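J.: Mind looking over this structure? Questions follow.
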């Protein structure tokens, strides 16, 4: 009985880890795009592929959820976790798309900084997801990761605030302001969703402990 | 016992169907408004009525949910389904309102195309809702509808992306850009919410099968 | 057994009330900021503190939720209620931040009106939260509050619609329009979230009755 269930349970963790890999890959690609805006369009195509892979993983996880009787933790939380991870990538993809769609040819300094913080946050998300395999042993570790992601999110907020104030103050071109405001907000959303993921994982771990 | 419960269960499906009718009606009305922008204000008043009817249906469904002991499927999913359908109409209403509020007097070509795709998506939503009455028999049919809605949503995304890039490139009036960007985003949201509805229905059907 | 559980259950109501106090405090502070835009920056710092306190209350409530076996009502609804209340404050904080970040030095007339309606809505939220202590007795009272919050939300919508149309029509400065549109939308979100809170409370009460 137990042996029959184990593979199924492990299936969910496999899905979470695959999803976390996509997120980190997306955030890394975004950093590269920001540094190579001349190739933004072709690189954004790869982003679209990653985003599509994440969609598939989400869809498969939901199917698995509907077909599995015993799940490693609460069904609602599994659904929440996989879709929130998907949301991270959707926001990164939206930012990448805006870069080439709006024909941005030079990055603002803050966008590089935010892209880096975002990539660090996604790496922490992957750490947290990996630590879930052995929840009871990793309660403390997951709490630390959660605090670190919260710190990165606050750092992004502060940089973003200053960047947007500067944008409104210094740019005389309203369309330029609109474009960058959208890109900044996409990146902010991506970081916020990383924090949501950390909160969900912390909740799962607290309940299991 | 069973006889007493049946009418209640059927009550939920009645509510879903009524709500689906409102959505289709709203999407059709939006297409008409786009073609008759001179009468946008008075036609938007009818949209507000439809939206209000949908609010009532949502509210009644939630009350019914709280008073019903045995529901035809998971309570959370019923709540999700009825509110997501409501969200579709809220977004269509927001787009209609923006048209007259911003005194738009000529439709952009893409807005007509997107309005049509959205209307097709709402008709698929109604198909899916009708198919729920006989879930077990319609598993395959609902999956097909879900795929079709996903295709329509992707089509909308592609048209929208090009439309917004064009808007930023060709318009010299930032206020014009802001107005149409908002309308496009409302329509995108409406189509996204149709996809959410399809996903919820697919989930319900998978679990019941 | 019962005595041991009671304090825990009461703990949740304490948390809801503390959170409601923060919301009312935030809405009052926002009204003051709008009347004293010269001191917006320093006053927004106090707003940030209130928002941080609300974050802590949310976090503690979630921890309490994970550690409590018997909860006064459905776990999902407790989570929903506390995070939606948190969302009210997040939106008020975002509006306050925008005021100083964008160096707004004069309030638009409608912003004062909306700030007042929002404050009234938060006071109704607190009333509803207090009435939850004695749910069965207060069913009718909570329904009345819910209707009143809905009325306030509709009033905000109407004022907002006119204000945004006026903004687009009369202002020649697109950046000015963008700034105020964002502030108005933050305030609209805050009021919408008050209505969400009322709906959640109404749901809880209906189920318990």
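The values are calculated or read from the model by the stated rules, or taken from the named source; none is laboratory data. The shown structure was predicted, so the numbers you read here are calculated from the model rather than taken from an experiment. Counting neighbours? That spans all protein chains shown, and the Cβs are built from the backbone with ideal geometry, glycine included.
J.: Of A:14, A:21, which residue is free of Cβ contacts under 8 Å to residues at least 24 places away in the same chain, out of contact with any strand residue (DSSP E or B) (no Cβ under 7 Å at 6 or more places or on another chain) and either assigned to a helix (DSSP H, G or I) or closer than 19 Å to residue A:190 by Cα (or both)?
T.: A:14
J.: Here's another thing I want to ask about it. Criterion first (more than 14 Å from every other protein chain (Cβ to nearest Cβ) and assigned to a helix (DSSP H, G or I)) does residue B:130 satisfy it?
T.: yes
J.: Further question: Checking the conditions here, which among A:103, A:148 is farther than 30 Å from residue A:72 by Cα and free of Cβ contacts under 8 Å to residues at least 60 places away in the same chain?
T.: Criteria check complete, one pass: A:103.
J.: Conditions first: (1) within 14 Å of chain B (Cβ to nearest Cβ); (2) within 25 Å of residue C:29 (Cβ to Cβ); (3) buried (at least 16 other Cβ atoms within 10 Å of the Cβ). Residue C:154 passes all but one, so which condition is the exception?
T.: Every listed condition holds for residue C:154 apart from (3).
J.: Of all residues in the range C:65-93, which are at pLDDT below 95 and more than 14 Å from every other protein chain (Cβ to nearest Cβ)?
T.: Residues satisfying the conditions are C:70, C:72.
J.: Anything in the range B:38-86 that is in a helix (DSSP H, G or I), surrounded by fewer than 20 Cβ atoms within 10 Å (Cβ to Cβ) and touching a residue at least 60 places away in the same chain (Cβ under 8 Å)? List them, or say none.
T.: The answer is B:38, B:77, B:80.
J.: So, residue C:190, is that one buried (at least 16 other Cβ atoms within 10 Å of the Cβ), within 11 Å of chain B (Cβ to nearest Cβ) and closer than 28 Å to residue B:97 by Cα or not?
T.: The answer is no for residue C:190.
J.: I've got another one for you. When the range B:96-118 is examined, which residues are found to be part of a helix (DSSP H, G or I) and away from chain C (no Cβ under 14 Å)?
T.: Matches in the range B:96-118: B:109, B:110, B:111, B:112, B:113, B:114, B:115, B:116, B:117, B:118.
J.: Within the range A:159-175, can you find the residues that are over 21 Å from residue C:183 (Cβ atoms) and at the interface with another protein chain (Cβ under 10 Å from one of its Cβ atoms)?
T.: If the condition is that a residue be over 21 Å from residue C:183 (Cβ atoms) and at the interface with another protein chain (Cβ under 10 Å from one of its Cβ atoms), then A:172, A:173 are the ones that fit.
J.: Considering every residue within the range A:122-136, establish whether at least one is over 13 Å from the mean Cα position of the chain (by Cα), surrounded by fewer than 21 Cβ atoms within 10 Å (Cβ to Cβ) and under 14 Å from residue A:29 (Cα atoms).
T.: So far as the range A:122-136 goes, no, none of its residues is over 13 Å from the mean Cα position of the chain (by Cα), surrounded by fewer than 21 Cβ atoms within 10 Å (Cβ to Cβ) and under 14 Å from residue A:29 (Cα atoms).
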